Amino acid sequence: MAQPQMPAMTNWRFEVDFERIAWLTIDTPNAPVNTLSRLAMTELETVLLRVEDLIASGEVVGLVIQSAKESGFIAGADVSEFDQMSDPSVLPEVLKRAHQVMDRIEAMKAPVIAAIHGFALGGGLELALACHYRIAVNDEKTRVGFPEVNLGIFPGFGGTGRSIRQAGPVEAMQAMLTGRMIKASAARRMGLVDKLVRHRDSLHWEARKAVLGKKKSTPAPLIERILAWGPIRGQIANKMRAEAGKKARKEHYPAPYALIDLFEKHGDDWRAMVDGEAAGFVPLMATETARNLRRVFFLSESLKKQGLRGKEKPSFARVHVIGAGVMGGDIAAWCALRGLGVTLQDLDMARIQPALDRAKSLFKKRLKDRTAVASAMARLEADPTGKGLARADVIIEAVVEKLEIKQKIFAEAEAKAKVDAILATNTSSIELERIASALKDPSRLIGLHFFNPVPSLPLVEVIRSTYNVDADVAKGASFALAIGKSPVLVKSAPGFLVNRVLMPYMLGAVERVERGESKELLDAAAVAFGMPMGPIELMDTVGLDVGASVAHELGHAVPESSTFARLIAEKKLGRKSGEGFYKWVDGKVQKGELPAHGNLAALGRELVQPMVDMTETVVAEGVVANADLADIGVIFGTGFAPFLGGPMNARKEGKA
Ligand code: NAD
């Protein structure tokens, strides 16, 4: 049939079918995901004006907004435009036009349906919320959410008010304050989505039915909305502030607090909330926090671009892990969780069983669905005799930290392994070259240094020995990415990156405690600076024995007369033994009173100084390729204040 005239567009395709349903399909050019760039928004504005006419003339009876990309619906606004957009002379106009676009969709005189598969995040979800009805595929790939807080802002395309209208104040505010990714089924329960379909193939049919049936979403029930009325709203806002305060300080991360202020003012009136949005949003966008969080976002995206590409891109189906202890057990479980077939070897079955039990709890927590847990367990196979070695694409060694044992293991592994299998050690402190010397071809060995606890720490240091060429470590990075971790390439040097920079920070604090300073005060000061945990609590969490051994490897002395050495001798090893510098009850630290101090943040800065100095040294020595990589590695590996954009950035900006 003849298609209505539309100006040329780069982001959208527009078609009207024989039933007079208009299909508007977003397909951001040259990008794996769709984003709402300024151009995409301008084009959308033009389409909507035209659709209004087509509806008025009866040529169109409804509009479906969908995506052509495999990756999903829309990942959000285009973050690469944020720096330019954050100019206060530009931003209000951008927001005003975006709001007009959303209002235009909502005011359309025929049904507008959002057909969602994969990610619908930030601006993408806001666009969907302006539609009259939302259908989503109920599968593992579909996720909706508001990740804006992670970029130091809150939703700015009308999503604050519209999410409250659909999901009620408590659920919507929680989603915006945490930035969490919400599965389709949960989004349906919350009211952010109206209808679920099982497969992407059914989306088209269901969207068509929704247009013809003039479907319209219903707002959250009164019982939920009541919570935003009158004085209750103030109380809820205060509770939210207290919750936010546990996670982040206002001076470090102002966005959640600004969102709560907006809610306190207008939370009972979604339209007023939308209208008040820009006043809170504009100043946030230009804060140093937002700028630095954008830096962290781009650096972490750049890590995803590492690894081998195109024809060289390896695929990984089977992993063999040797050593089923703390690290090996968790690495094996993680790989199985991510869909790989895993064989796990240790000296005997009794040493493997605890790792399998731990894996089961992890699968239950992460997968929920019983069949999925059973499949993950089936992918993880105990292998005391090492028969999996010969089939594996990746062999990871995580046995005790003893050179001779590791050498023996790799000599055997090399003989049995496939010629193109990755051979990797998880050693924390042994020079890679010394282990590799036991191999016929020492260039086959790389390091894959995971962090404890493996399921929650995203970083993997991919270690390069002097024997390796670029392709060896690139393949290691490809593997880390394939299991959903963030690889940072590091040269084989004592402590690599993360342990090397952490040690002077932790030991510096331990020395101050030895001199009689309050551990509670030091820990609180580091947190006030922006660390996720203080150095003494961190030492207790890592384990005093592990800390002392890393200290030793890095040439730091632990005097026998010290409290540190005494605690280790008394087997007070920290959290795992129930006592270290602190007492621990049920995995929770027991802290004493916090002494008064005039300037906690300044003290924190003093404590963090050695870590920042060491990062500079590590970069100067070429252990990591550049300051950007060091920053993202230290942020991911130690939790170093993301709002400062990493230690090197903080130093450059005079903040550390
Ligand atoms: P662990 O003591 O918990 O586990 C080591 C396991 O290796 C034990 O189960 C042991 O039975 C097994 N093992 C010993 N010899 C073996 C052999 N010949 N064949 C098969 N299995 C054998 O130790 P861990 O803490 O898991 O550390 C393992 C490795 O990971 C070490 O190289 C360590 O430096 C490194 N690492 C540890 C951490 C950490 O925080 N614990 C972090 C990063 C890296």
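The values are calculated or read from the model by the stated rules, or taken from the named source; none is laboratory data. Small disclaimer: the values here were computed from a predicted structure and weren't measured. We place every Cβ from the backbone using ideal geometry, glycine too, and count neighbours over all the protein chains shown. Note: areas computed on protein heavy atoms with side chains; ligands, DNA, RNA excluded. Shrake-Rupley method; radii C 1.70, N 1.55, O 1.52, S 1.80 Å.
Annotations for the structure displayed:
- Listed by first and then second residue, the pairs with beta-carbon distance under 9 Å, at least 6 apart or on different chains, first residue in segment 425-447 and closer than 16 Å to ALA480 by Cβ and open to solvent by 30 Å² or more (accessible area, probe 1.4 Å), second modelled with pLDDT under 95 and hydrophobic (A, V, I, L, M, F, W, C), form an empty list.
- Take the conditions (1) under 27 Å from ALA336 (Cβ atoms); (2) open to solvent by 30 Å² or more (accessible area, probe 1.4 Å); (3) in contact with a Phe, Trp or Tyr (Cβ under 9 Å, 6 or more places away or on another chain); (4) away from the ligand (no atom under 16 Å from the Cβ); LEU457 misses just one of them, which is (4).
- Restricting attention to segment 384-411, the residues that are more than 8 Å from the ligand (Cβ to nearest atom) and either of a type in the set (Asp, Glu) or assigned to a helix (DSSP H, G or I) (or both) add up to 11.
- Contacts under 6 angstrom Cβ, first residue in segment 146-169 being under 10 Å from TRP270 (Cα atoms), partner of a type in the set (Phe, Trp, Tyr), 6 or more apart: GLY161/TRP270; ILE164/TRP270; ARG165/TRP270
- Inspection of segment 412-423 finds no residue satisfying the criterion of being touching a residue at least 40 places away in the same chain (Cβ under 8 Å), within 13 Å of the ligand (Cβ to nearest atom) and outside any helix (DSSP H, G or I).
- Among (1) surrounded by fewer than 24 Cβ atoms within 10 Å (Cβ to Cβ); (2) among the small types (Gly, Ala, Ser); (3) at pLDDT 95 or above - the single one GLY555 does not satisfy: (3)
- Some residue of segment 590-610 being open to solvent by 30 Å² or more (accessible area, probe 1.4 Å), without any contact (Cβ under 8 Å) to a residue 12 or more places away in the chain and part of a strand (DSSP E or B): yes
- Considering segment 1-120, the qualifying strands (runs of 3 or more DSSP E), each wholly inside and each with 2 or more residues that are touching a residue at least 60 places away in the same chain (Cβ under 8 Å), run over 62-67, 112-116.
- Tallying residues that are in a helix (DSSP H, G or I), open to solvent by less than 20 Å² (accessible area, probe 1.4 Å) and either β-branched (Val, Ile, Thr) or more than 26 Å from SER89 (Cβ to Cβ) (or both) within segment 257-273 yields 2.
- Annotation: of all residues in segment 558-579 being within 16 Å of the ligand (Cβ to nearest atom) and over 30 Å from the mean Cα position of the chain (by Cα), the one that is surrounded by the fewest Cβ atoms within 10 Å (Cβ to Cβ) is LYS571.
- Test set (1) under 27 Å from VAL454 (Cα atoms); (2) of a type in the set (S, T, N, Q); (3) open to solvent by 40 Å² or more (accessible area, probe 1.4 Å) - THR615 fails condition number: (3)
- Criterion violated by ALA359 - all others in (1) surrounded by fewer than 23 Cβ atoms within 10 Å (Cβ to Cβ); (2) without any contact (Cβ under 8 Å) to a residue 60 or more places away in the chain; (3) within 24 Å of the chain's Cα centre (by Cα); (4) within 16 Å of the ligand (Cβ to nearest atom) satisfied: (1)
- Note on segment 137-165: residues that are out of contact with any helix residue (DSSP H, G or I) (no Cβ under 6 Å at 6 or more places or on another chain), closer than 14 Å to VAL193 by Cα and open to solvent by 10 Å² or more (accessible area, probe 1.4 Å) total 2.
- Failed condition for ARG370, given (1) within 11 Å of the ligand (Cβ to nearest atom); (2) modelled with pLDDT under 95: (1)
- Taken over segment 118-136, the residue count meeting the criterion of being within 20 Å of the chain's Cα centre (by Cα) and open to solvent by 10 Å² or more (accessible area, probe 1.4 Å) is 2.
- All positions within segment 274-318 that are among the acidic types (Asp, Glu) and buried (at least 17 other Cβ atoms within 10 Å of the Cβ): GLU277
- Some residue of segment 469-477 being touching a strand residue (DSSP E or B) at 6+ places or on another chain (Cβ under 8 Å) and open to solvent by 10 Å² or more (accessible area, probe 1.4 Å): yes
- Of all residues in segment 377-393, those satisfying the criterion of being open to solvent by less than 80 Å² (accessible area, probe 1.4 Å) and within 29 Å of LEU445 (Cβ to Cβ) are ARG379, LEU380, GLU381, ALA382, ASP383, PRO384, GLY386, GLY388, LEU389, ALA390, ALA392, ASP393.
- If you check ALA548, ALA524 for being within 16 Å of the ligand (Cβ to nearest atom), of a type outside the set (D, E, K, R) and crowded, with 18+ Cβ neighbours inside 10 Å, only one passes: ALA548.
- Being away from the ligand (no atom under 16 Å from the Cβ), under 22 Å from ARG180 (Cα atoms) and in contact with a Pro (Cβ under 8 Å, 6 or more places away or on another chain) holds for only one residue in LEU284, LEU262, and it is LEU284.
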